[in-house]
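Below: one structure, written as C-alpha cells.
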Amino acid sequence: MNFVAAVRQNDKRSMEQVAALLSQEGLCLDKHLDYTCAIYDDNYHVIATGSCFKNTLRCFAVSKEHQGEGLLAEILAHLIELECAKNYNHLFLYSKSDSAKFFGDLGFYAIEVVDKKLVFMENQRHGFADYLRNLQQESPAQSNHSDKKIGAIVLNANPFTYGHQYLIEYAAKSCDALHLFVVSEDASIVPFAVRKKLVEDGTSHLNNIIYHDTGCYIISSATFPSYFLKDEEEIIRVQAQLDVRIFNRIAQTLGIGSRFVGEEPNSFVTNLYNEAMAKFGSIEQIVIPRKQAQGKAISASAVRALLQQGDWAALKELVPESTLAYFQSAQAQEVLEIMRGAGDLVHY
C-alpha cells in the first residue's frame with residue numbers, strides 16, 4: 001500500500017531521486033522549499049513527489065510507470081492538509097499546462113498562463129475576482145473615469161526613503177489619481193505594518209493617492225518569490241512575467257494607464273522585473289531617474305546599511321523625518337537589532 005512520507009532535506013538519496021523524477025518531467029527542484037514529500041515503491045524508490053513553499057504548492061511529478069494510479073491526488077491531499085494545519089487556507093500552485101485540468105478537477109482555478117507552459121492556480125474559485133472587486137471598492141468612484149489620467153506605483157519601501165517620496169510626488173503631479181500598492185508580503189526586515197505606515201506618513205501631503213495592499217497577487221511568495229530570494233536568471237524572468245501579466249489585469253480593472261518606476265542601478269532582480277514590464281506590460285511604463293544624495297542614487301539598501309551602523313547624521317540626508325523618527329523611537333529597537341545581526345542587507 002502506498003503512503004505519503006516527508007522527505008528530509010538531509011536525506012541525500014531521496015532528494016536526488018526527487019530531483020531526477022522532476023527532471024524527467026522537464027522540471028527543476030526548487031531551491032526554496034519548506035517541505036517535500038514523496039511516495040515510494042516496494043524498493044524504496046521515489047515514484048511521486050510534491051513540495052510547498054509558504055502558501056504555494058510546487059514541484060509535482062509522478063513516475064511514468066505509475067501515472068494513472070491516483071498518486072498525484074494523494075500527494076496533493078497530503079500537502080493541503082499540511083498547509084491547512086499551518087493556517088494556510090488560500091493556496092496557490094504552479095502547474096504545467098497539460099496538468100492544469102487535473103488540478104482543476106481537484107478544486108484549483110487558473111489565474112494566469114505564462115508562455116502557454118506555466119499555469120498559475122489558486123484553490124478559491126473567486127479569489128482573484130474578489131481581490132479585484134476589493135481594489136475597486138477602495139478606489140473613489142471618480143478615479144477610474146475614462147477621461148482621468150490614472151497611474152500606479154508598486155513599492156516595498158524597506159524602509160521608505162526620500163527616493164520613494166520623490167518618485168511618488170513625481171507620479172502624483174502627473175496623474176489625476178495614483179494607485180499606490182505597498183508590498184504586503186512580510187519577508188522584509190522592516191515589517192509590513194511599519195512599511196505601510198511610513199509610506200502613508202511620508203505621502204500624507206498628497207491628496208490624490210489611493211493606498212492598496214498587494215496581497216498574494218503582486219510581488220509575493222506566490223507570484224514572485226525571487227524578489228525576496230536569490231534565484232537563477234531564467235526563474236526570475238518567468239516569475240516577473242507572471243507578476244506583470246497579473247498586474248495587467250489589475251490595471252485594466254482600475255483604469256490604470258501608466259506605471260511609474262525608478263531607475264534601478266543596484267538591484268539585479270528589479271532590473272529584470274522592469275524589463276518584463278517593458279516587454280509584457282499592457283500599460284505605459286514611465287521610468288524616473290533616481291533621486292540622488294551626495295552624488296549617489298538613494299536606495300533602501302544604503303539606508304539599511306546606515307541603520308546597521310547607527311549613522312543618524314547620514315540618514316537625515318536619505319529619509320524623511322517620519323522615517324527617521326520611527327527608527328529613533330523605542331518601537332524600532334527590535335527591528336534594529338535584527339538588522340544589526342543580519343549581515344549584508346543589499347537587495348539582490
Per the filter on segment 21-77, residues part of a helix (DSSP H, G or I) and open to solvent by 50 Å² or more (accessible area, probe 1.4 Å) are S23, Q24, K64, E65, E74, A77
For segment 197-217, how many residues are of a type in the set (S, T, N, Q) and in contact with a strand residue (DSSP E or B) (Cβ under 9 Å, 6 or more places away or on another chain)?
3
Quick test of your reading of the structure: E169 fulfils all but one of (1) within 19 Å of D201 (Cβ to Cβ); (2) outside any helix (DSSP H, G or I); (3) free of Cβ contacts under 8 Å to residues at least 60 places away in the same chain; (4) open to solvent by 10 Å² or more (accessible area, probe 1.4 Å). Name the failing condition by number.
(2)
For segment 191-212, the count of residues that are in a loop (DSSP other than H, G, I, E, B) and touching a helix residue (DSSP H, G or I) at 6+ places or on another chain (Cβ under 6 Å) equals 3
Just one of the numbered conditions (1) assigned to a helix (DSSP H, G or I); (2) crowded, with 21+ Cβ neighbours inside 10 Å is not true of I218; which one?
(1)
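Here's the yes/no breakdown for (1) modelled with pLDDT of 95 or more; (2) in contact with a helix residue (DSSP H, G or I) (Cβ under 6 Å, 6 or more places away or on another chain):
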position: A141; (1), (2): no, no
position: K148; (1), (2): no, no
position: T161; (1), (2): yes, yes
position: S174; (1), (2): yes, no
Scan (1) open to solvent by less than 10 Å² (accessible area, probe 1.4 Å); (2) within 23 Å of A240 (Cβ to Cβ); (3) not polar (S, T, N, Q) for the single condition E185 breaks and write down its number.
(1)
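Listed here are the residues, each with its yes/no results for (1) open to solvent by 20 Å² or more (accessible area, probe 1.4 Å); (2) not β-branched (V, I, T).
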residue: E233; (1), (2): yes, yes
residue: V244; (1), (2): no, no
residue: Q252; (1), (2): yes, yes
residue: S258; (1), (2): no, yes
residue: K279; (1), (2): yes, yes
residue: S282; (1), (2): yes, yes
residue: Q294; (1), (2): yes, yes
residue: V303; (1), (2): no, no
Every residue from segment 64-84 that is modelled with pLDDT under 95 and closer than 19 Å to C28 by Cα:
K64, L72
Consider A314 carefully, then state whether it is out of contact with any Cys (no Cβ under 7 Å at 6 or more places or on another chain), of a type in the set (A, V, I, L, M), on the phi < 0 side of the Ramachandran plot and outside any loop (DSSP other than H, G, I, E, B).
yes
Hey, among F192, F160, which residue is among the hydrophobic types (A, V, I, L, M, F, W, C) and either surrounded by fewer than 16 Cβ atoms within 10 Å (Cβ to Cβ) or within 16 Å of the chain's Cα centre (by Cα) (or both)?
F192
Any chance segment 1-10 includes a residue that's within 21 Å of Q239 (Cα to Cα) and either of a type in the set (A, V, I, L, M, F, W, C) or surrounded by 20 or more Cβ atoms within 10 Å (Cβ to Cβ) (or both)?
no
All but one of (1) buried (at least 18 other Cβ atoms within 10 Å of the Cβ); (2) over 23 Å from R304 (Cα atoms); (3) without any contact (Cβ under 8 Å) to a residue 40 or more places away in the chain; (4) of a type in the set (A, V, I, L, M) hold for L206; state the number of the condition that does not hold.
(1)
Going by the conditions given, is L324 free of Cβ contacts under 8 Å to residues at least 24 places away in the same chain, open to solvent by less than 40 Å² (accessible area, probe 1.4 Å) and part of a helix (DSSP H, G or I)?
yes
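The rows are residues; the columns are (1) touching a Phe, Trp or Tyr at 6+ places or on another chain (Cβ under 8 Å); (2) exposed (fewer than 12 other Cβ atoms within 10 Å of the Cβ); (3) of a type outside the set (A, V, I, L, M, F, W, C).
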position	(1), (2), (3)
A85	no, yes, no
S95	yes, no, yes
S99	yes, no, yes
F102	no, no, no
Y109	no, no, yes
V113	yes, no, no
K116	no, yes, yes
F120	yes, no, no
N123	yes, no, yes
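The values are calculated or read from the model by the stated rules, or taken from the named source; none is laboratory data. These numbers were taken from a predicted model, which means no experiment stands behind them. Reconstructed Cβ throughout: ideal geometry from the backbone, glycine too, with neighbour counts over all protein chains shown. Quick note on the areas: whole protein, heavy atoms, side chains included, nothing else; ligands and nucleic acids left out. Shrake-Rupley method; radii C 1.70, N 1.55, O 1.52, S 1.80 Å.
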